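Report on one structure; see the data block that follows.
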Amino acid sequence: MPPKSGSGRRSCFLLLLAALAGVDRSQLEAAAIDGASWWRTFFKIVLPAIRPVMTIAILIRGLDLFRLFDIVWALTKGGPGTMTETISMFAYIKGFQQFETSYTAAVALLVIVLLSALLMLALKRVELAR
Amino acid sequence: MMTLGRRRGLRLALRLAAASALTLAFMFPIYWLFMISFKTPEEIYSFPPKWYPSHLNFDNYAVLFRDGDAVTVWNSLVVAFISAAIAMSLGSICAYSLARFATGGRHLANWIVSQRMIPPIAVVFPIFLLYVWFGLVDTYVGVILLYTVFNLPYVIWMMRGYILDIPRALEESALVDGCNRWQVIWRVVLPMCRAGLSATAIFTFVFAWNDFIFALVLTRTEVATYTVQITHYFGGQSNFWAKISAMSALGTVPIFVAMAFMQRYFVRGISLGAVKG
């Protein structure tokens with residue numbers, strides 16, 4: 001089941017915090033009794049335990065950054081040239097400054113299709129991991 | 001040889017030092033933002049940089065209020081607040097229906113949340129064309145409507161989760177005692193998920209508050225939000241950093257205030273929602 005928390009930059013932190021708090025303590029104790037080092041405990045127990053949540057967090061953050069617009073727009077307007085142009089800015093410039101209506105619609109549709117495919121793949125992986 | 005106690009103390013001290021250093025590093029940009037907004041132009045451009053202004057200087061803010069630019073913060077506040085309120089009230093009821101009556105079958109909720117994943121840029125152009133037809137560009141109604149629509153899926157999804165966590169027996173006993181459905185929602189369900197309500201409300205508010213691309217496209221002058229106004233300053237007159245920082249500071253304060261009020265519910269609501277996943 002996907003997490004109910006989403007959107008927003010800091011929510012990744014909160015998601016991971018909640019996941020870390022949910023790691024099974026008895027496993028950690030067992031590892032400590034068996035004399036596992038901190039690194040080993042971390043990589044063999046904690047990381048696998050929070051992996052599904054991490055995938056979701058990366059997914060949310062990735063989607064967030066995929067549509068990055070405002071910061072780049074304010075700082076460079078995509079310049080110099082088109083070096084820092086994101087897909088959002090590309091569509092915006094095509095649509096609202098050059099008024100290429102149908103071209104913009106095509107870009108938007110491509111973005112939706114691409115993102116939906118990525119999202120479905122990622123969600124399926126999460127389901128499998130559970 | 002160090003004793004065990006001293007070693008533990010040393011380790012604790014190291015940890016605290018690392019935590020403080022990290023906190024400082026994360027707080028610094030906010031500190032710097034507020035400091036710049038109080039500086040004079042000479043101090044902003046001075047090298048080596050001045051770590052704090054020589055005196056509290058409100059000129060940068062005064063300029064914003066004199067030019068009437070500060071009204072954009074008010075616009076943001078109105079738009080974000082009203083759209084969050086509408087989205088919350090409609091969304092909670094819808095979420096209740098989805099959670100208790102499984103309206104629309106098993107997959108409707110997933111479809112609804114998938115709407116939230118659409119990148120704004122993909123939908124903003126068709127929406128703009130529609131708004132031109134309806135004459136909604138640069139009106140409060142248009143912007144509020146858009147933010148409400150964009151926030152609704154998120155509200156529905158979050159609230160559905162919180163409502164599912166409430167034991168059904170509570171509602172049934174209220175029904176037996178003679179409440180109707182509306183009273184059940186108002187008296188039992190909503191008070192039970194107060195933490196979730198606050199967390200969701202904050203998120204919807206912050207989304208509308210921080211949004212840039214919709215505001216950039218759909219507002220001109222009448223309801224321009226502060227985010228759009230900030231970008232107008234970039235590369236403007238010589239002293240544009242002062243205006244940018246003062247405006248950003250104005251835009252940051254309401255978020256701090258909202259968080260201060262809601263923090264108690266906020267962390268709890270978020271982590272509850274996430275752990276259950």
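Each reported figure results from applying straightforward, stated rules to the coordinates on display, with no laboratory input. Quantities reported herein were computed from a predicted structural model and do not represent experimental measurements. Reconstructed Cβ throughout: ideal geometry from the backbone, glycine too, with neighbour counts over all protein chains shown.
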Inverse mean reciprocal Cα-Cα distance (Kirkwood Rh) of the stretch B:71-219, Å: 16.5 Å
Pick out, in residue order, every one of the trypsin sites (Lys or Arg not before Pro) in the stretch B:65-174 that is DSSP loop and has at most 13 other C-beta atoms within 10 Å; say none if there are none. B:ARG106
Label points 7 Å out from Cα along the Cβ direction at A:LEU47 and B:THR221: separation in nm? 5.8 nm
State the answer as a single residue: which of B:VAL73, B:GLY104, B:GLY251 lies farthest towards the positive end of the charge dipole of chain B, with beta carbon charges of +1 for Lys and Arg and -1 for Asp and Glu, about the Cα centre. B:GLY104
Residue farthest toward the positive end of the dipole of the protein assembly as shown, with Cβ of Lys/Arg at +1 and Asp/Glu at -1: which of B:VAL137, B:PHE203, B:GLY178? B:GLY178
Residue pairs, from the table A:LYS94/A:LYS124; A:LYS77/B:LYS243; A:LYS94/B:LYS243, whose Cα atoms sit over 27 Å apart: A:LYS94/A:LYS124; A:LYS94/B:LYS243
Candidates per chymotrypsin sites (Phe, Trp or Tyr not before Pro) in the stretch B:1-80, loop by DSSP, up to 13 other Cβ within 10 Å: B:TRP51, B:PHE58
Ranked B:TYR147, B:TYR226, criterion: other C-beta atoms within 10 Å, fewest first: B:TYR226, B:TYR147
Quick one: grab the alpha carbon gyration tensor of the protein assembly as shown, order the square roots of its eigenvalues as a ≥ b ≥ c, and give me rounded if a/c is under 1.5, else prolate or oblate depending on whether a/b is larger than b/c. oblate
So which GluC sites (Glu not before Pro) in the stretch B:161-241 pass both tests, a DSSP loop state and at most 14 other Cβ atoms within 10 Å of the Cβ? B:GLU222
Debye intensity ratio I(q)/I(0), log10, the stretch B:129-184, q values 0.15, 0.16, 0.17 Å⁻¹ (C-alpha model): -0.65, -0.67, -0.70
Can you tell me which aspartates and glutamates have their Cα less than 12 Å from the Cα of B:LYS39? Leave out same-chain residues fewer than eight positions away. B:ASP59
Starting from the Cα-Cα distance between A:MET83 and A:ALA106, subtract it from 0.36 nm times their residue separation and give me the gain in nm to one decimal. 6.1 nm
Please state the relative contact order of the stretch B:51-152 as a whole percent: Cα pairs under 8 Å, 6+ residues apart? 44 percent
I need the P(r) histogram for chain B: all alpha carbon pairs, bin width 5 Å from 0 out to the longest distance, whole percents. 1, 5, 10, 12, 13, 12, 12, 10, 9, 7, 5, 3, 2, 1, 0, 0, 0
Could you check the simple spin-label distance between A:ASP64 and B:VAL78, using points 7 Å along Cα→Cβ, in nm with one decimal? 3.0 nm
Net dipole in debye of chain A [+1 Lys, Arg Cβ; -1 Asp, Glu Cβ; about Cα centre; nearest 20]: 140 debye
With point charges of +1 on the Cβ of Lys and Arg and -1 on the Cβ of Asp and Glu, referenced to the Cα centre of the stretch A:10-65, which listed residue (A:GLY35, A:MET54, A:LEU65) lies farthest in the positive direction of the dipole? A:LEU65
Under 19 Å Cα-Cα from A:LYS44, which aspartates and glutamates qualify once same-chain neighbours fewer than 8 residues away are excluded? A:ASP24, A:GLU29, A:ASP34
